[in-house]
């Protein structure tokens, strides 16, 4: 069985080089092909492509910048394998990871492996919120559930992926496009399993608090898109993640208040990093950013409906 490894990338040539290197060090996973999709970045990746052509079954594709969902769909279009493995461009597959994915051939099984952040540091609340994949919360590894359908280190059958229609390209900014696919996969009879031996590392520089706030804001936008898409068809699912009552009534905090909150978090991170107050303030900042994103997602939906 041919394993097709799909890596979407955007302006991270050094990370991509390390990701491909980690794949190349796993001959036990052969045969596989590797398809890197440049999502409209301006970095020159030709040197990387030249290095691996002839040594690996390697393709470099370029697309206009439309987000990770569209980029991954393009990679699947070019894939020849029966099984797809999605890796983040900053994910380093550990020895044996690819072989575990390749061995999972059941079309109704998707396999997700751990890929924790490589360098997790900072205050307790920062560490809690900065890790994007809380896989420690998985209760049943043999039926992890679509909430853990995380495509930084996940494989599934190509035919099944195509039957489901692939990723929804409307999710252009960070988050929820993989959970959306996971929900469709589960509703079609699929099951997600968590394999701790399919291990990788998330080789992403530890973000600053400002970058964390931005990520949570974008996740709010896509959370609203997910909710709007599934509210009627799967109200039980949509209700689990709706942490707002009326998006039209959400008013982002004024700029001075956001700056004050950011300043207080910075101060507490230095003076009382493990305090309950810091934990509560961090949580308020996270949800403030998410709610601002929800409001923006709602506004975008209204504008789109009026066109």
Rounded to the angstrom and largest first, Cα extents along the principal axes for the stretch 209-306 equal 47, 27, 21
In degrees, nearest 10, the alpha-carbon axis of helix 209-230 is tilted away from the dominant principal axis of the alpha carbons of the chain by 80 degrees
If I fit a long axis through the Cα atoms of helix 68-78 and take the longest principal axis of the Cα atoms of the chain, what angle between them do I get, 0 to 90°, rounded to 10?
10 degrees
One would report the Cα pair-distance distribution of the stretch 1-40, bin width 10 Å, in %, as 27, 53, 19, 1
Cα-based Rg and Dmax for the stretch 156-210, in Å, come out at 14.5, 40
Over all Cα pairs of the chain, how is the pair count split among 20 Å bins, expressed in % and running from 0 up to the last occupied bin?
31, 58, 11
How much mean residue ellipticity at 222 nm does the chain get from its helices, if each DSSP H run of length 4 or more adds -39500 (n - 2.57) and you divide by all residues, to the nearest 500 deg cm²/dmol?
-14000 deg cm²/dmol
In whole angstrom, and with the biggest value first, how far do the Cα coordinates of the stretch 183-223 range along each principal axis?
40, 29, 8
Angle between the Cα long axis of helix 177-187 and the longest principal axis of the chain, 0 to 90 degrees, nearest 10?
70 degrees
Distribution output for the stretch 99-182: share of Cα-Cα pairs per 10 Å bin in percent, first bin at 0, values 15, 43, 32, 9, 1
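Since every read-out is calculated from the coordinates, none of them should be taken as a lab result. As the structure is a prediction and not an experimental result, all values here were calculated from the model.
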